[in-house]
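Novice: There's a structure below that I have some questions on.
The values are calculated or read from the model by the stated rules, or taken from the named source; none is laboratory data. Note that the structure is a prediction, hence the values are computed from the model and not measured. Neighbour counts run over all protein chains shown; Cβ positions are idealised from the backbone, glycine included. These accessible areas exclude ligands, DNA and RNA; they are computed on the full protein's heavy atoms, side chains included. Shrake-Rupley method; radii C 1.70, N 1.55, O 1.52, S 1.80 Å.
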Amino acid sequence: MLKKERQAYILRQVNLHNKVLSSTLSSEIHVSEDTIRRDLHELAEDGRIIKVHGGALSHSFHDVYNPSGHIYLHDHKKVIAEKAAALIEDGMYVLTSGGSTILELARVLPPQLRATFVSGSLPAIVEYLHHPNIEVIVIGDKISRNGRITVGGDAISKIGHIRADLCFLGVDAIHVQHGVTDSDWDVVQLKKAMIESSQKVVCLSIAEKTNAVKPVHVCPVGSIHTLITELPPGDPLLQPYVNAGIEVL
């Protein structure tokens, strides 16, 4: 790739996944990590990303850099959030991971809903607190700066004491053969614990993240009950997931 093509690819990955690792980009683009670091430095200098140790973050995921609250493909994520909210019933215990689609779910919950939400996502917790009838249980005490979510042994231990009715997972990548994958080891351990502690697992994913694979395995598609995207359930892109026995909304 030419530098312009590389940097366009990097920007798309940052917008799509909120964060990227230099090592992953190096492998995907087939260039050295030094080249990737130079590209990230240039993009950061231009104000298009936030460069951090080992990779980069999206401005949309950090309010201090993005006070307007712009979220990549916001309209798509709002459609997903509204579909997800329709699954929640009064009295339910609901586990949620982090990410911009989970944040959008927190914003569209109907005001009359009475449920208990269990989460370590700092942005989502703030939104839950604005809701008039929701109880909030916060897990963990170690915060992932990049993901703005609690991680580590305390969070995983607390999740293990919960039997949730629903688990909403924000998805970094999902593939019929390779299952759900992510690029953050600590977040993956949290998601694994959430899956184990939930009666029903619902993955929230914009269509761009389907048929994709990241380095760290979360779970096989057999562990997923429902997949929600912005597409209509009958879209041909989603048929392999239907064939795998997943409810597609």
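Novice: Along the charge dipole of the chain, pointing to its positive end and built from +1/-1 on Cβ of Lys, Arg, Asp and Glu, which listed residue (ILE162, THR24, GLY91) has its Cα farthest out?
Specialist: THR24
Novice: Compare HIS30, HIS59, HIS178 in a GNM of the chain, Cα atoms joined below 10 Å, and give the one with the largest fluctuation.
Specialist: Answer for the Gaussian network model of the chain: HIS30.
Novice: Another question about this same structure. Tell me the per residue accessible area of the stretch 126-249 using a 1.4 Å probe; a whole number in Å² is fine.
Specialist: 43
Novice: Can you pull the percent of the chain's accessible area that's carbon plus sulfur, 1.4 Å probe, other chains left in place?
Specialist: The value for the chain is 51 percent carbon and sulfur by accessible area.
Novice: Here's a follow-up. Give me the net charge for the shell around SER183: Cβ to Cβ below 13 angstrom, other residues only, Lys and Arg +1, Asp and Glu -1.
Specialist: -1
Novice: What does DSSP give for the chain in terms of the percent of beta bridges that are antiparallel, rounded to the nearest 5?
Specialist: 40
Novice: Let me ask another. Rank these by accessible area, largest first, 1.4 Å probe: TYR72, TYR128.
Specialist: TYR72, TYR128
Novice: Which of HIS53, HIS17, HIS130 moves the most in a Gaussian network model of the chain with Cα springs under 10 Å?
Specialist: HIS53
Novice: I'd like the Karplus ³J(HN,Hα) series for the stretch 32-39: coefficients 6.51, -1.76, 1.60, θ = phi - 60°, whole numbers in Hz, and an x wherever there's a Gly or Pro.
Specialist: Here the 3J(HN,Hα) series is 6, 5, 4, 5, 4, 4, 5, 4 Hz.
Novice: Need one number: nm distance between label points at ARG12 and ILE143, each 7 Å from Cα along Cα→Cβ, rounded to one decimal.
Specialist: Going from the ARG12 label point to the ILE143 one covers 3.4 nm.
Novice: Tell me which lysines have Cα within less than 19 Å of LYS51's Cα, excluding those fewer than 8 residues away on the same chain?
Specialist: By straight Cα distance, LYS51 reaches LYS3, LYS4, LYS19.
Novice: While we're on this one: Given the alpha-carbon gyration tensor of the stretch 142-214, what are the semi-axes of its equivalent ellipsoid in whole angstrom, ordered largest first, with each equal to the square root of 5 times an eigenvalue?
Specialist: They are 21, 16, 10 Å, listed largest first.
Novice: Please build a GNM for the chain, connecting alpha carbons under 10 Å apart, and tell me which residue among ASP235, ASP182, ASP172 fluctuates the most.
Specialist: The residue that fluctuates most here is ASP235.
Novice: Next up: What whole number of Å gives the distance from the Cα centroid of the stretch 1-35 to the Cα centroid of the stretch 151-178?
Specialist: Centre-to-centre distance over Cα atoms comes out at 27 Å.
Novice: Taking H placed 1.01 Å from N in the peptide plane, check which residues at least 5 places from ARG148 or on another chain put their amide H under 5 Å from its amide H.
Specialist: Answer set, sorted by chain and number: none.
Novice: What distance in nm separates the simple spin-label points at VAL136 and GLU28, each placed 7 Å from Cα in the Cβ direction?
Specialist: Once both label points are built, they end up 3.2 nm from each other.
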